[in-house]
Amino acid sequence: AVATIICCLRILNILQTHHLLGPLQRSITRILLDLTIFLVILGTFLIAFAAGLAKVFNSAGTLSVDARGAFGSFGKSLRTLFWSIFGFAQLSFFNVDDQWGKEVSVISEVVFGI
């Protein structure tokens, strides 16, 4: 399997000299570089917002079952934010049942909305 991959990569080097396929290969290489940069920036933002939401919900007193399952720790916050990119998040995650519940809910919804 590894030998097949290496053979295909060697063919890509040969195709660089072709007058039609060479520019396409360079374009795809640049697109993949831009995609990598975008994913690094997106990952940085996801980590920052996951840390912020985890901190807000850990400072809250009693969390609802949905909030504890979605933002109870950094890993859960990161997972929730990742799936929210694809539209799989609910606003019921932000319910907090204590004296600061309304403030925590508003702050977390604003951060989540950004």
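Some notes on this structure:
- Among the residues of the range 43-54, none is identified as in contact (Cβ under 8 Å) with a residue 60 or more places away in the chain and open to solvent by 100 Å² or more (accessible area, probe 1.4 Å).
- Some residue of the range 25-42 being hydroxyl-bearing (Ser, Thr, Tyr), within 15 Å of PHE82 (Cα to Cα) and exposed (fewer than 11 other Cβ atoms within 10 Å of the Cβ): no
- The number of residues in the range 73-98 being modelled with pLDDT under 75 and open to solvent by less than 60 Å² (accessible area, probe 1.4 Å) comes to 6.
- Residue pairs whose Cβ atoms lie under 8 Å apart, sitting 6 or more positions apart in sequence or on different chains, and linking a residue in the range 1-20 that is modelled with pLDDT of 75 or more to a partner that is among the basic types (Lys, Arg) and in a helix (DSSP H, G or I), are GLN16/ARG26.
- Candidates LEU53, LEU42, LEU33, LEU24: the one that is assigned to a helix (DSSP H, G or I), touching a Leu at 6+ places or on another chain (Cβ under 8 Å) and modelled with pLDDT of 80 or more is LEU53.
- Assessment of the range 58-66 against the conditions (farther than 15 Å from ILE114 by Cα, modelled with pLDDT of 65 or more and either assigned to a loop (DSSP other than H, G, I, E, B) or open to solvent by 50 Å² or more (accessible area, probe 1.4 Å) (or both)) yields at least one matching residue.
The values are calculated or read from the model by the stated rules, or taken from the named source; none is laboratory data. Everything numeric here is computed off the predicted structure, so don't read it as measured data. Reconstructed Cβ throughout: ideal geometry from the backbone, glycine too, with neighbour counts over all protein chains shown. Side chains are part of the model used for accessible areas, which takes the heavy atoms of the whole protein and leaves out ligands, DNA and RNA. Shrake-Rupley method; radii C 1.70, N 1.55, O 1.52, S 1.80 Å.
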